[in-house]
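The values are calculated or read from the model by the stated rules, or taken from the named source; none is laboratory data. Quick caveat: nothing in here was measured; it's all calculated off a predicted structure. Because the Cβ atoms are built from the backbone with ideal geometry, glycine has one as well, and the counts that use them run over all protein chains shown. The area values use the complete protein model at the heavy-atom level, side chains included, leaving out ligands, DNA and RNA. Shrake-Rupley method; radii C 1.70, N 1.55, O 1.52, S 1.80 Å.
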Amino acid sequence: MSDFQLLIRGGDPHPAIGIAEGRIVALEEGSADEIIDATGLWVLPGVIDAHVHFNEPGRTDWEGLSTGSQACAAGGTTTFFDMPLNSTPPVCDAEAFHAKRRLAEEKSHVDFALWGGLTPDNLDQLEALHDCGVIGLKAFMSNSGIADFSRADFASLRQGMATAARLDLLAAVHAEIDHPELKSGSTIRDYLASRPIAIEL
């Protein structure tokens with residue numbers, strides 16, 4: 001019986017990397033079902049890019065799953081997490097999630113995960129998105145630039161973040177707030193006064 005399923009031998013910075021069930025289990029020589037000779041090469045872990053916009057379905061002229069994931073692979077990124085807002089429709093419910101996932105499974109050259117949206121219009125869909133397997137929820141507190149991805153007001157953001165906490169999901173917030181009370185003057189004191197503790201929290 002072999003020590004490893006895969007052994008990468010001869011690469012820098014380690015002389016041998018033993019892999020079993022998709023995980024590095026040892027930095028040592030051993031027998032293996034498959035051996036890769038990496039002499040003269042660097043062996044590095046793949047990058048995980050947690051914030052990409054591959055705008056498919058709907059806006060592939062901006063950047064699609066195939067070309068975007070090819071660029072990831074060329075640069076050493078082996079996994080991306082795609083943001084929900086630039087697809088048509090945005091990933092704000094289970095149906096949109098499944099449509100995007102089908103396309104990613106068909107077209108992506110690397111591993112992926114999908115963010116779900118958090119807007120005032122889909123607060124009743126957050127649990128379904130969790131059940132689909134989103135890695136987190138993304139909200140905008142300013143205009144997202146996409147008509148069908150509404151900005152979160154304070155009430156919807158609080159409600160959405162409470163749901164995310166209950167579901168053990170990440171909540172990512174584009175936190176530039178379009179609000180008249182947050183217009184600062186010309187000094188640092190003006191700026192600090194325009195950011196009350198409630199806003200910072």
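Points to keep in mind about this one:
- Within segment 111-126, the residues that satisfy the criterion of being open to solvent by less than 50 Å² (accessible area, probe 1.4 Å) and within 13 Å of the chain's Cα centre (by Cα) are 113, 114, 115, 116, 117.
- Segment 49-64, residues that are within 17 Å of residue 105 (Cα to Cα), open to solvent by 40 Å² or more (accessible area, probe 1.4 Å) and not charged (D, E, K, R): 53, 58, 60
- Condition met for residue 108 (touching a helix residue (DSSP H, G or I) at 6+ places or on another chain (Cβ under 7 Å) and modelled with pLDDT under 95): no
- Flag if residue 79 is hydroxyl-bearing (Ser, Thr, Tyr), out of contact with any Pro (no Cβ under 6 Å at 6 or more places or on another chain) and closer than 26 Å to residue 127 by Cβ: yes
- Residues that are at pLDDT 95 or above and either under 16 Å from the mean Cα position of the chain (by Cα) or on the phi > 0 side of the Ramachandran plot (or both), drawn from segment 74-95: 77, 78, 79, 80, 81, 82, 83, 84, 90, 91, 92
- Residue within segment 28-50 that is modelled with pLDDT under 95, under 18 Å from the mean Cα position of the chain (by Cα) and assigned to a loop (DSSP other than H, G, I, E, B) present: yes
- Scope segment 93-103; condition buried (at least 21 other Cβ atoms within 10 Å of the Cβ) and either in contact with a helix residue (DSSP H, G or I) (Cβ under 6 Å, 6 or more places away or on another chain) or not hydrophobic (A, V, I, L, M, F, W, C) (or both); matching residues: 97, 100
- For residue 65, the conditions (1) among the aliphatic types (A, V, I, L, M); (2) out of contact with any Leu (no Cβ under 7 Å at 6 or more places or on another chain); (3) at pLDDT 95 or above all hold with the exception of (2).
- Considering residues of segment 127-162 that are of a type in the set (A, V, I, L, M) and farther than 20 Å from residue 176 by Cβ only, the residue surrounded by the fewest Cβ atoms within 10 Å (Cβ to Cβ): 162
- Residue 77 over 21 Å from residue 137 (Cβ atoms), of a type in the set (Val, Ile, Thr) and open to solvent by less than 60 Å² (accessible area, probe 1.4 Å): yes
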